[in-house]
Amino acid sequence: MQELAKTILSVKDLTVDLDGRSILSGLSFELHEQEMLAIIGPNGAGKTVLLRTLLHMLPYQGEISWMENARIGYVPQRVAADRQLPLSASDLLNAKAHFLKLSQADIERVTSVADLTLELLNANMGILSGGQFQKVLIALALLGQPNVILFDEPTASLDELTQERVYELLHRLKEEQGITVVLVSHDLSVVYRYATMVLCIGKGKPCFGPPKEVLTPEALEALYSAPPKYYQHLREHHGL
Amino acid sequence: MSWLIHPSVGYSIVLALLFAIAAGLVGSFGLMKRMLLAGDVVSHLALPGIGLAFLLKINPLLGAAATLFLGTLLIWRLQKKTGLATESVIGVVFAAALGIGAAIIPSDELVDALFGKNHATSLFGFLLGVLAVFFIIAAIWKLRDRLVLSLFSPEVATATGVNVDRINLYFLLLFSLTILVGLRFMGALLAGSLIILPAAVGRRLTNKMSHFLIASSVASTISVGFGLLLNAAVPKFGPGPSIVMVATLLFCISLIKGVKRAGM
């Protein structure tokens, strides 16, 4: 099956240096249609840098080639602009729809997939809860019928039930709409459950392959230099 | 009040009111992009240009335009880098522009260059100004979707197909052009303030983007209108300071009337 699937993204020997510091080096992997690729690694390993590089936002060496008609949706980890902006979800959705010359029906389709009520759509982004904010980001990414979605830690700062719903939604999008998903995650149980491929970056050599082959206890130990559980704990308590 | 009917003064007033609308719009996006202060620095970059124009005996606005746009390109380059280094460079540029400008502008012109004055506007100047204002308003309208997406998240905008870098440059150029139009009656020190203050008032009063843009433009127009009236009543204030005083008063009123916002 895998050989027959179309290649959506091919990365060869990717190296990224920022401010004289090497962030990524010699990274190679391929992404096929309908796969769910999980990118894992400790903080500071360059996961977000990798996503930004895939969007050609950072200088790099090596090769990044997207399928010709790739339409990319992006769900950022956190939003750089502060939440006090005088913006509502519908302002954002309208801006994107207008730019891509989409119709009101396209907006309605994604708001129903992401389960956004009229009240949420018109509320100022600043008063939305973490889960509601995430829904808006997902709806915004889905607008324009992307065939690949990049999620940067989609569930950071969400409670467990909301996290579960987000992953269910991702899974559904992949299964029902054939959307290819690239996901940065710290949650290894999610990676085991949903990901079809895993890319780990961090200390040592990057690894790439199906979760069962790649995520051995030894590999994880080497990747994080500490048990992942302990790492999770640190993240939660220090907001790292 | 006979000055009101003299055409050249009339031109100045109409141009000032139109400028107010453009300043309100540009300021709204500037506030959302959190670059109002960088913009304020841009306005000071006009000073060395005005000084050079006096030395070369050419129109001061030509000199101002030259250094403004050079400065804009410099700030655009700097925006790509982040951190303390950028901040200190902007601070240095600001101080240097003020110092050099003050040193080379003839002393009897300095106060006007800094704070603006009642200029009579020629028909040509008026038409050029009106053209610039309409260009600014049309460009902001055309770029609004791209601006909203890129100020919300550069990554989301890029994935959507927006060239964020280019949008930032366009916006800075529009910002500088707005400053240039306001320079004559607001002065280099105060031209930036009509971009900052009305946007701050608008933000206090509304939570929705369309309302915000309208509120900022209205606050800006009221500031200029009443500021010019105040200046007519007390000419020694000068137009720039009068306008800023009215805008500040509006901001104070908005603090009392402002809508309650999340986390505030």
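Tabulated data
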item: Convex hull volume of the range A:24-144 per residue (C-alpha atoms, cubic angstrom); result: 145
item: Pairs of alpha carbons in chain A whose separation is greater than 33 Å (percent); result: 17
item: Computed E for A:THR216/A:LYS12 - FRET, C-beta separation, R0 22 angstrom, nearest 0.05; result: 0.30
item: Semi-axis lengths (Å, descending) of the ellipsoid that matches the C-alpha gyration tensor of the range B:2-257; result: 28, 23, 17
item: Highest to lowest packing among B:145-157, B:162-174, scored as the average C-beta count within 10 Å; result: B:145-157, B:162-174
item: Cα-based Rg and Dmax for the range B:162-215, where Dmax is the largest Cα-Cα distance (Å); result: 13.3, 36
item: For the protein assembly as shown, size of Cβ-based charge dipole, Lys and Arg +1, Asp and Glu -1, in debye; result: 1380
item: Packing rank of B:199-206, A:172-179, B:30-37, where each peptide gets the mean count of other beta carbons within 10 Å, highest leading; result: B:199-206, B:30-37, A:172-179
item: Fraction of beta bridges assigned by DSSP in the protein assembly as shown that are antiparallel (%, nearest 5); result: 50
item: FRET efficiency, A:SER103 to A:ILE127 (Cβ-Cβ, R0 30 Å, nearest 0.05); result: 0.60
item: The range A:82-145: radius of gyration over Cα atoms, expressed as a fraction of 2.2 N^0.38 Å; result: 1.01
item: FRET efficiency, 1/(1 + (r/R0)^6) with R0 25 Å, evaluated for B:LYS57 and B:LEU127 via beta carbons; result: 0.55
item: Chain A - charge dipole about Cα centre, Lys and Arg +1 at Cβ, Asp and Glu -1, debye rounded to 20; result: 280
item: Residue mean of other protein chain beta carbons inside 10 Å, A:89-101; result: 5
item: Residue exposure sequence - A:CYS207, A:CYS200 - by fewest surrounding Cβ within 10 Å; result: A:CYS207, A:CYS200
item: Cα-projected label distance for A:SER22 with B:LEU37, points at 7 Å along beta-carbon direction, nm; result: 3.8
item: Neighbour-count ranking [beta-carbon atoms within 10 angstrom, fewest first] of B:TRP141, B:TRP76; result: B:TRP141, B:TRP76
item: Peptides A:111-121, A:138-148, A:61-71 ordered by average Cβ neighbours within 10 Å, highest first; result: A:138-148, A:111-121, A:61-71
item: Listed residues A:LEU220, A:ASN124, A:HIS56: farthest to the positive end of the dipole of chain A (Cβ charges); result: A:HIS56
item: Percentage of interatomic Cα-Cα distances in the protein assembly as shown larger than 31 Å; result: 52
item: Lysine-lysine proximity count for chain A, Cα under 17 Å, sequence distance 8 or more or distinct chains; result: 7
item: Inter-label distance for B:TRP141 and A:ASN69, nm, one decimal - labels placed 7 Å from Cα along Cα-to-Cβ; result: 3.5
item: Beta bridges by DSSP in chain A, antiparallel share as percent, to the nearest 5; result: 50
item: Over chain A: helical MRE at 222 nm, DSSP H runs n ≥ 4 each giving -39500 (n - 2.57), nearest 500; result: -11500 deg cm²/dmol
item: Positive-pole candidate from A:LEU87, B:TYR170, B:PHE124, dipole of the protein assembly as shown, charges at beta carbon; result: B:PHE124
item: Peptide-level mean, for B:143-153, of C-beta atoms on other protein chains within 10 Å; result: 6
item: Dipole in debye (nearest 20) - the range B:18-159, about Cα centre, beta carbon charges: Lys, Arg +1; Asp, Glu -1; result: 420
item: Shielding score for B:9-20, defined as the mean number of other chain Cβ atoms within 10 Å; result: 0
item: Cα lying deepest toward the dipole's positive end in the range B:2-257, options B:THR158, B:GLY227, B:PHE94, charges on Cβ; result: B:THR158
item: Kirkwood Rh in Å, taken over the range B:131-264 so that all alpha-carbon pairs contribute; result: 16.2
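Each value in this text was obtained by applying a stated rule to the coordinates, not by laboratory testing. Values in this document were obtained by computation on a predicted structure and should not be read as measured data. Cβ atoms come from the backbone with ideal geometry, glycine included; neighbour counts cover every protein chain shown.
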